[in-house]
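Novice: Here's a structure for you.
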Amino acid sequence: MEALVESLEKKLKTERLTGSEAILKCLIEEEVETIFGYPGGAIMPVYDALYDYEDQLKHILTRHEQGAIHAAQGFARSSGKVGVCFATSGPGATNLITGITDAQIDSTPLVCITGQVASHLLGSDAFQETDIIGISMPVTKWNFQITRPEEIPMALAKAFYIAQSGRPGPVLIDITKDAQQQSFDFTYEACERIRSYQPYPELKEQPLKTATELINQAKKPYLIFGQGVTLSGAEKELKEFVEKTGIPAASTLLGLSAFSTNHPLYVGYAGMHGNYGPNVKTNECDVFIAIGMRFDDRVTGDINTYAKQAKVIHIELDPAEIDKNIQTDVAINGDAKQALKALLPLVKSNDHEEWVKEFHECDKIEMDKAIQKSIQPTSELMTMAEVIHKLSIKTQGKSVVITDVGQHQMMAARYYQFDQPKSHITSGGLGTMGFCLPAAIGAKIGKPNREVIAIIGDGGFQMTIQELGVIMQYQVGVKILILNNSFLGMVRQWQQLFFDRRYSFTEMDNPDFIKIAEGYRIAAQRIEKREELNYAFDQWLNTKESSLLEIVVEKEENVFPMVPSGSCVSKIRLE
Amino acid sequence: MEQKEYTISVLTEDKPGLLNKLTIILSRRKININSLNVSTTEVEGVSRYTIVATATKPALEKVVKQIRKLVDVLGSFLYEEDQIYYQEIALYKLSLEVFQKNRLLETLIRQHGAKIIAIEENQIVIEKTGTKQETHELYETLQPFDILEFARSGRVAISKSKRRTEAFIRELETSQSNTLSIKEF
């Protein structure tokens with residue numbers, strides 16, 4: 001009887017739809033509201049169907065597929081929802097690859113839907129045919145090609161489940177044109193389980209116990225957190241844990257904003273261009289607690305000299321990350337929130353006043369040798385550091401800051417004082433120049449009520465400059481800050497320090513960014529003088545619409561401190 | 001650290017494209033595959049990949065963890081030689097004329113535990129099942145008699161543990177949990 005009722009219910013829910021309509025229905029079932037994309041021949045049936053669904057699905061037409069996927073990434077990272085993008089076959093699909101790779105390494109949940117040539121043409125080198133499944137295999141969490149419309153509901157349900165469960169990541173679904181056009185009886189059932197995929201490891205008691213013992217006995221415990229804290233929504237638990245145990249806490253690049261930078265136990269940002277204390281103290285602590293971070297080489301430097309004296313506790317959702325780069329003493333394989341919740345009642349209340357003081361002494365050294373010079377320079381032109389420092393004060397650390405890749409990215413990570421979670425979005429693992437502008441557009445659409453600031457270098461801006469068109473067309477209120485030093489600054493810094501000042505192809509003759517912005521009907525101004533900064537910031541920030549501020553900064557400013565690539569973190573250079 | 005030959009055994013859903021997904025995990029780390037065998041198992045819809053590779057144990061342990069991450073992988077295990085039963089098949093083609101002229105050949109074939117599986121007008125085909133070393137020894141023995149063609153299969157292996165593949169899959173199927181750590185089974 002039950003089976004009969006179930007079958008009748010299913011029949012009632014069944015609709016006769018084309019594959020394209022089914023794709024859109026699946027998205028609606030998954031509560032998708034915004035799609036970023038670019039049409040083309042092989043995905044035209046989907047775009048045709050979209051014409052009838054405009055009231056339920058908002059589509060943002062970017063100016064390049066790379067723009068679409070970075071926008072979807074920004075959307076996902078600011079909103080915590082799955083980012084969705086559409087592209088056509090061939091060049092459309094391959095243009096997504098950089099963003100997919102970026103999302104894979106930075107654990108961003110995405111569902112990318114690409115059109116494909118008709119199934120009878122597969123493998124024939126047809127017009128705009130490319131094996132996007134083969135190409136995207138190493139850079140997706142899962143991918144699947146659909147050749148029959150009946151496969152659409154199952155594949156899309158799986159795609160959403162896989163993209164956002166466990167360690168999030170990008171999924172690509174490639175759909176042949178005939179599968180988009182044919183009709184079938186559509187029903188949708190969300191995916192809740194796949195037998196060959198267990199995204200949530202069960203927390204085991206023994207490692208929690210051992211970790212507790214180590215933490216409770218530690219004299220110089222030290223904690224580094226990464227994006228895993230943000231992804232599992234463990235910001236509150238992390239704060240409670242740090243406050244109860246009195247352990248000094250540092251952030252990785254992607255961990256920034258998971259913990260208030262103004263907290264007395266926050267000791268800074270660890271890594272190549274991070275703060276002095278968090279780097280040198282890594283090699284002085286006795287217990288090292290890593291939460292939701294993956295020991296990237298930009299954090300560890302030389303792994304043979306990294307935290308060797310310490311007992312290492314690693315809280316990590318992805319079992320493949322455990323012991324991958326750094327051998328752990330205690331591995332807690334689980335979600336950061338759950339693990340911290342389980343540890344909280346077990347750990348003793350403590351304070352490590354003397355130990356925390358050691359970090360503050362490091363801060364003084366860094367202030368004298370690096371920070372002071374950067375934020376209060378004697379040079380005529382402004383420095384990136386002072387601009388970002390000023391921006392942080394102006395916005396009280398409450399904005400969502402999106403950065404591109406290079407010196408300005410490191411300066412933003414160092415000098416913006418993040419006060420709220422999910423406020424820092426950058427391309428961390430892949431280091432994709434051109435990420436910022438489209439990601440900021442996506443981030444603003446994902447969190448329309450927050451101030452979104454895109455901080456971009458002159459190099460990265462020109463990699464996806466065409467996305468200004470999206471800001472113009474959809475009136476996206478993004479504030480764009482270009483820090484223009486007419487150089488590919490970070491490469492130039494390396495050339496200066498490690499290649500005997502041979503500035504090979506890093507200097508740029510730039511166009512008039514103001515005229516370009518105005519061409520896209522975006523308010524813009526350029527300043528060069530320090531005394532103009534305050535007023536320019538006020539004008540720029542006090543508008544609801546998008547606006548662009550170009551600040552000409554010192555050409556040869558360096559980011560310090562710096563751990564040279566592959567060097568020991570204790571050997572961090574202050575100048 | 002010492003590089004050695006290890007066997008990776010992977011149980012997967014029977015899905016197209018998985019071979020590529022699996023092998024790129026090794027190739028991006030510059031680990032060469034010595035042999036590879038893919039076949040269906042006693043459980044419908046489940047395939048087994050047996051990969052033999054030479055590398056350090058920690059490197060291959062990391063590879064196994066990465067393989068486990070693939071959505072369609074049911075289980076992935078790393079074995080040293082003494083933890084598995086394994087065999088390969090080798091086929092050797094000789095000219096019938098040479099075979100008929102050398103009476104000694106039949107004795108040699110028997111001594112190596114090989115058998116003749118085909119006798120044609122111009123040629124004979126010999127089959128030998130064993131380890132790579134054993135099949136190679138026969139190759140060397142037959143070499144002076146002018147081998148016309150030689151082929152060797154990838155390794156097939158089963159573990160010495162008491163695990164039953166069917167029970168393993170059944171447990172995955174019946175469990176409603178997505179936190180089940182069955183891949184450690």
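The values are calculated or read from the model by the stated rules, or taken from the named source; none is laboratory data. Every value quoted in this text rests on a predicted model; they were computed, and no experiment measured them. As a convention, Cβ positions derive from the backbone with ideal geometry for all residues, glycine included, and neighbour counts pool all protein chains shown. SASA here: full protein model, heavy atoms, side chains in, ligands and nucleic acids out. Shrake-Rupley method; radii C 1.70, N 1.55, O 1.52, S 1.80 Å.
Novice: Need the failing condition index for A:LYS529 against (1) under 30 Å from A:GLU284 (Cβ atoms); (2) exposed (fewer than 14 other Cβ atoms within 10 Å of the Cβ); (3) of a type outside the set (S, T, N, Q), just the number.
Specialist: Result: A:LYS529 passes all but (1).
Novice: Right, something else. Could you list, in sequence order, the residues of segment A:159-195 that are under 28 Å from the mean Cα position of the chain (by Cα), open to solvent by less than 30 Å² (accessible area, probe 1.4 Å) and in contact (Cβ under 8 Å) with a residue 60 or more places away in the chain?
Specialist: A:PHE160, A:ALA163, A:GLY166, A:PRO168, A:GLY169, A:PRO170, A:VAL171, A:LEU172, A:ILE173, A:ASP174, A:ILE175
Novice: Could you tell me whether A:ALA49 is in contact (Cβ under 8 Å) with a residue 12 or more places away in the chain and under 30 Å from A:SER427 (Cα atoms)?
Specialist: On the way: in contact (Cβ under 8 Å) with a residue 12 or more places away in the chain: yes; under 30 Å from A:SER427 (Cα atoms): no.
So A:ALA49 fails the test.
Novice: Could you tell me whether A:THR300 is open to solvent by 10 Å² or more (accessible area, probe 1.4 Å), in contact (Cβ under 8 Å) with a residue 24 or more places away in the chain and of a type in the set (Ser, Thr, Tyr)?
Specialist: Working: open to solvent by 10 Å² or more (accessible area, probe 1.4 Å): no; in contact (Cβ under 8 Å) with a residue 24 or more places away in the chain: yes; of a type in the set (Ser, Thr, Tyr): yes.
So A:THR300 does not fit the description; no.
Novice: For segment B:1-36, give me each residue that is more than 13 Å from chain A (Cβ to nearest Cβ) and of a type in the set (Val, Ile, Thr).
Specialist: B:THR7, B:ILE8, B:ILE31, B:ILE33 - these are the residues of segment B:1-36 that are more than 13 Å from chain A (Cβ to nearest Cβ) and of a type in the set (Val, Ile, Thr).
Novice: Let me ask something additional. Considering segment B:14-33 alone, what residues qualify as being touching a strand residue (DSSP E or B) at 6+ places or on another chain (Cβ under 7 Å) and open to solvent by less than 40 Å² (accessible area, probe 1.4 Å)?
Specialist: Once the filter is applied, which keeps residues that are touching a strand residue (DSSP E or B) at 6+ places or on another chain (Cβ under 7 Å) and open to solvent by less than 40 Å² (accessible area, probe 1.4 Å), segment B:14-33 yields B:LEU18, B:LEU22, B:THR23, B:LEU26, B:ILE31.
Novice: Something else: Quick check on segment A:196-231: of everything there that is open to solvent by 40 Å² or more (accessible area, probe 1.4 Å) and either within 30 Å of A:LEU50 (Cα to Cα) or within 14 Å of chain B (Cβ to nearest Cβ) (or both), which residue is nearest to the chain's Cα centre (by Cα)?
Specialist: A:TYR200
Novice: Can you pull out every residue in segment B:133-142 that is modelled with pLDDT of 95 or more and either at positive phi or open to solvent by 90 Å² or more (accessible area, probe 1.4 Å) (or both)? Before you say what the answer is, go through the steps one by one.
Specialist: First pass over segment B:133-142, keeping only residues modelled with pLDDT of 95 or more: B:134-142.
Within segment B:133-142, just B:GLU140 meets the criteria.
Novice: Among the residues in segment A:240-249, are any open to solvent by less than 20 Å² (accessible area, probe 1.4 Å), in contact (Cβ under 8 Å) with a residue 24 or more places away in the chain, touching a helix residue (DSSP H, G or I) at 6+ places or on another chain (Cβ under 8 Å) and assigned to a helix (DSSP H, G or I)?
Specialist: Within segment A:240-249, one or more residues are open to solvent by less than 20 Å² (accessible area, probe 1.4 Å), in contact (Cβ under 8 Å) with a residue 24 or more places away in the chain, touching a helix residue (DSSP H, G or I) at 6+ places or on another chain (Cβ under 8 Å) and assigned to a helix (DSSP H, G or I).
Novice: While we're on this one: Can you find a residue that is more than 19 Å from A:ALA439 (Cβ to Cβ), at pLDDT below 95 and assigned to a helix (DSSP H, G or I) anywhere in segment A:12-33?
Specialist: Yes, segment A:12-33 contains at least one residue that is more than 19 Å from A:ALA439 (Cβ to Cβ), at pLDDT below 95 and assigned to a helix (DSSP H, G or I).
Novice: Related question: Consider segment B:62-99. How many of its residues are open to solvent by 70 Å² or more (accessible area, probe 1.4 Å) and acidic (Asp, Glu)?
Specialist: 3
Novice: State whether the residues of segment B:81-104 include one that is within 13 Å of another protein chain (Cβ to nearest Cβ) and touching a helix residue (DSSP H, G or I) at 6+ places or on another chain (Cβ under 6 Å). If you could, list the steps in order and put the result at the bottom.
Specialist: Taking segment B:81-104 and keeping what is within 13 Å of another protein chain (Cβ to nearest Cβ), we get none.
No, that holds for no residue.
Novice: Continuing with the same structure: Looking at (1) surrounded by fewer than 19 Cβ atoms within 10 Å (Cβ to Cβ); (2) away from every other protein chain (no Cβ under 14 Å); (3) touching a residue at least 12 places away in the same chain (Cβ under 8 Å), which is the one condition that is false for A:GLU354?
Specialist: With (1) surrounded by fewer than 19 Cβ atoms within 10 Å (Cβ to Cβ); (2) away from every other protein chain (no Cβ under 14 Å); (3) touching a residue at least 12 places away in the same chain (Cβ under 8 Å) applied to A:GLU354, the lone miss is (3).
Novice: Something else: What pairs come up if the first residue lies in segment B:161-175 and is more than 10 Å from chain A (Cβ to nearest Cβ), the second is not in a loop (DSSP other than H, G, I, E, B), and their beta carbons are under 7 Å apart, counting only those six or more places apart or on different chains?
Specialist: Hits for this filter: B:THR165/B:LEU11; B:PHE168/B:GLY75.
Condition check ((1) outside any helix (DSSP H, G or I); (2) of a type in the set (Asp, Glu); (3) touching a strand residue (DSSP E or B) at 6+ places or on another chain (Cβ under 6 Å)) across all residues:
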site	(1), (2), (3)
A:ASN510	yes, no, no
A:ARG521	yes, no, no
A:GLU532	no, yes, no
A:ALA536	no, no, yes
A:LEU549	yes, no, yes
A:PHE560	yes, no, no
A:GLY566	yes, no, no
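Novice: Turning to a different aspect of this structure: Looking at (1) open to solvent by 50 Å² or more (accessible area, probe 1.4 Å); (2) among the small types (Gly, Ala, Ser); (3) without any contact (Cβ under 8 Å) to a residue 40 or more places away in the chain, can you tell me which one A:SER349 breaks?
Specialist: The failed condition is (3).
Novice: Still on this model: Outside any loop (DSSP other than H, G, I, E, B) and under 29 Å from A:GLN539 (Cβ atoms) - does that describe any residue in segment A:351-371? Outline the logic, then answer.
Specialist: Within segment A:351-371, the subset outside any loop (DSSP other than H, G, I, E, B) is A:353-371.
If we keep only those that are under 29 Å from A:GLN539 (Cβ atoms) too, we end up with A:371.
Scanning segment A:351-371, I find at least one residue that is outside any loop (DSSP other than H, G, I, E, B) and under 29 Å from A:GLN539 (Cβ atoms), so the answer is yes.
Novice: Could you please give the count of residues in segment A:124-146 that are within 17 Å of A:GLN180 (Cβ to Cβ), open to solvent by less than 20 Å² (accessible area, probe 1.4 Å) and touching a Leu at 6+ places or on another chain (Cβ under 8 Å)?
Specialist: 1
Novice: Can I ask one more? Every residue in segment A:89-116 that is closer than 21 Å to A:LEU24 by Cα and open to solvent by less than 10 Å² (accessible area, probe 1.4 Å), please.
Specialist: Residues satisfying the conditions are A:SER89, A:GLY92, A:ALA93, A:LEU96, A:LEU110, A:VAL111, A:CYS112, A:ILE113, A:THR114, A:GLY115, A:GLN116.
Novice: Inside segment A:418-482, counting only helices (runs of 4 or more DSSP H) that do not spill past its ends, which hold 3 or more residues that are among the small types (Gly, Ala, Ser) and open to solvent by less than 10 Å² (accessible area, probe 1.4 Å)?
Specialist: Details: elements: A:436-446, A:458-461, A:468-474.
Fully inside segment A:418-482 and qualifying: A:436-446.
Novice: Could I ask something else about it? For segment B:142-176, what are the residues that are out of contact with any helix residue (DSSP H, G or I) (no Cβ under 8 Å at 6 or more places or on another chain) and under 18 Å from B:VAL52 (Cβ atoms)?
Specialist: If the condition is that a residue be out of contact with any helix residue (DSSP H, G or I) (no Cβ under 8 Å at 6 or more places or on another chain) and under 18 Å from B:VAL52 (Cβ atoms), then B:ALA151, B:SER153, B:GLY154, B:VAL156, B:ALA157, B:ILE158 are the ones that fit.
Novice: Please verify whether A:ALA331 is closer than 26 Å to A:LYS357 by Cα and either among the small types (Gly, Ala, Ser) or within 14 Å of chain B (Cβ to nearest Cβ) (or both), treating the condition exactly as stated.
Specialist: no
Novice: Still on this structure: Among the numbered criteria (1) open to solvent by 70 Å² or more (accessible area, probe 1.4 Å); (2) closer than 22 Å to A:ASN449 by Cα; (3) touching a residue at least 60 places away in the same chain (Cβ under 8 Å), which single criterion is violated by A:PHE537?
Specialist: Unmet condition: (1).
Novice: Given B:VAL38, B:VAL46, which one is open to solvent by 60 Å² or more (accessible area, probe 1.4 Å) and among the aliphatic types (A, V, I, L, M)? Give the derivation first.
Specialist: Values: B:VAL46 fails: open to solvent by 60 Å² or more (accessible area, probe 1.4 Å).
Of the residues listed, the single one that is open to solvent by 60 Å² or more (accessible area, probe 1.4 Å) and among the aliphatic types (A, V, I, L, M) is B:VAL38.
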